[in-house]
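Here the structure comes first, spelled out in structure tokens, and everything after it is commentary.
Readers should treat all values here as calculations from the given coordinates under stated rules, not as data from a laboratory. Just so it is clear, the structure is predicted and the values come from calculations on it, not from any experiment. Glycine also receives a Cβ, built like all others from the backbone with ideal geometry; neighbour counts cover every protein chain displayed.
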Amino acid sequence: MTSQFSPELNNSWVTAWLLAMRPKTLLAAAAPVLVGTSVAVSNDVARLGPAVAALVGALVLQIGANFAND
């Protein structure tokens, strides 16, 4: 089985943590934030700070849930 990360990270603790984050699931966390931000942009009320904070928060919560489920 080959790793999706660079060869120097094979069989290391970094690879284990990156795989446990399940990067493929992060789009599911980002999608609602991106939709909400696009609605705010279309209504001319978007602000970059809250949008970035919501995106980071959603990603951190998803990563935390992925870690908790392992």
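Results, tabulated for the structure shown:
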{"read-out": "Extension reserve of the Leu26-Ser12 stretch, reckoned as 0.36 nm per residue once the Cα distance is removed", "value": "2.8 nm"}
{"read-out": "Sum of side-chain charges, Asn66 neighbourhood, beta-carbon under 15 Å (Lys, Arg +1; Asp, Glu -1)", "value": "+1"}
{"read-out": "3J(HN,Hα) from dihedral phi, region 14-31, Karplus parametrisation 6.51/-1.76/1.60, rounded to Hz, x for glycine, proline", "value": "5, 4, 4, 5, 5, 5, 5, 5, 6, x, 5, 8, 5, 5, 5, 7, 7, 4"}
